[in-house]
Amino acid sequence: MASGDTDIIQRFLFQDFNVRGELVRLEDAYTGVLEQRPYPPSIAVLLGEVMAATALLSATIKFRGTLTLQVNTAGPLKLLMAECRDQSDLRAIARFDDEIEGPWLGDGKLVITIEPHQGERYQGIVAIGHDNLAHAIENYFRQSEQIGTRLWLAADGTRAAGLMIQRLPGTSDRPGLEQSDEDWQRVMMLAGTVSGDELLSLDPKSLLTRLFHEEHVRMFDARALRFHCSCSRERSANAIKFLGYDEAMALVGEQGEVEIDCQFCHARYRFGGEEVRGVFESEAPPAGTTLH
């Protein structure tokens, strides 16, 4: 694997018919998440898969904003969540029972939330009835978006990767191209031969050549991804508002301050009594200490 092929998302297009794809590879961004807290190996794998899936889904939106993929289950894995902001900044977290045993996902729901910087918030929810994250996302596209979509995800605790292929409608921005079930089925058959090891070890060009060497595939410029937490003092001030004035001031009375701890990166934001009052007066909180 070439050194420039880590932490990227690679778009590609089949030039003879309306099918597009995305490839994502994560190393530093993935290990950046795993370094925030200890995770059992199986949970670490799921975190890699959900990060790869979130990056792939974020590549399908055409505006700046945040896409969040969240899994809640009735099983031992209580929460699996990843977020991609502006198609580049990734963060993720998992919550689970101390005595976790498989199956990891179990019955639950998959929630995909899109929050553009400008415009209305969108949320889609589908049920999860199995322990395969890729299948759950495919089911979301089938039910909510009605777009033919297939995903392959892999992670090993050090690297994470994913492949997504979508069948575009015939009325796309590429009119006149053939759009047959035979083409789609052939691409699905070829893509279905990919292994987890190949996703994790082959660079995008080598992988696409191996899978689709008889097809005309156009590769676009890859985009960089990184682990970056979007927490801030301003967001922490907003969190204090949810506590309510009485509860927030009670904490100040007990502890001398209100401290907000980011669950993703462990940054801590401290607010004294006057700062807390300023929050409820809709004033910007004064500059304070951010501890990591």
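Values in this text are rule-based calculations from the coordinates and carry no lab data. Values in this document were obtained by computation on a predicted structure and should not be read as measured data. Neighbour counts are summed over all protein chains in view; Cβ atoms, including those assigned to glycine, are modelled from backbone coordinates with ideal geometry.
Each of Glu145, Glu182 was scored by other Cβ atoms within 10 Å of its Cβ. Listed from fewest to most, they are Glu182, Glu145.
If you take all other residues with their beta carbon under 13 Å from the beta carbon of Cys84, and give Lys and Arg +1 and Asp and Glu -1, the sum is -1.
Using a cut-off of 13 Å between beta-carbons, work out the net charge of the residues near Met189 (Lys and Arg +1, Asp and Glu -1, Met189 not included).
Neighbour charge sum, excluding Met189 itself: -3.
Calculated FRET efficiency, Arg226 to Gln255, Cβ-Cβ distance, R0 = 25 Å: about 0.15 to the nearest 0.05. The Rg/Rh ratio of the chain, with both radii computed over alpha carbons and Rh defined as the Kirkwood radius, is 1.03. Candidate cross-link partners of Lys205 among the lysines, defined by an alpha-carbon separation under 28 Å and a same-chain spacing of 8 or more, comprise Lys62. Rounded to the nearest 0.05, the FRET efficiency derived from the C-beta distance between Asn238 and Glu215 at R0 = 41 Å is 0.25. Taking the alpha-carbon distance from Lys109 and a cut-off under 12 Å, which aspartates and glutamates remain once sequence neighbours fewer than 8 residues away in the same chain are dropped? Partners found: Asp131. Among Ile9, Ile114, Ile137, Ile147, a tally of other beta-carbon atoms within 10 Å of each Cβ gives an order, fewest to most, of Ile147, Ile114, Ile9, Ile137.
Only Cα pairs within less than 10 Å get springs; with that Gaussian network setup on the chain, which residue of Gly75, Gly119, Gly32 has the largest fluctuation? In the Gaussian network model the winner is Gly119.
Mean residue ellipticity at 222 nm, helices only, the chain: -9000 deg cm²/dmol; runs of at least 4 DSSP H residues each add -39,500 (n - 2.57), and the sum is divided by the number of residues. A crude spin-label estimate for the pair Gln15 and Asp156, with each label 7 Å from Cα along the Cβ direction, gives 3.3 nm. Taking θ as phi - 60° and the Karplus parameters 6.51, -1.76 and 1.60, the scalar couplings of segment 19-34 work out to 9, 10, x, 9, 10, 10, 9, 10, 10, 4, 4, 5, 5, x, 5, 5 Hz in sequence order, x denoting glycine and proline.
Taking the beta-carbon count within 10 Å as an exposure proxy, list Ser232, Ser88, Ser58 from fewest neighbours to most.
With the sparsest Cβ surroundings first, the list reads Ser232, Ser88, Ser58.
Over the chain, calculate the relative contact order: mean separation of alpha carbon pairs under 8 Å at least 6 apart, over the residue count, as a percent. Could you put the intermediate results ahead of the total?
Working: 570 pairs, mean separation 62.8, N = 292.
Relative contact order, the chain: 22 percent.
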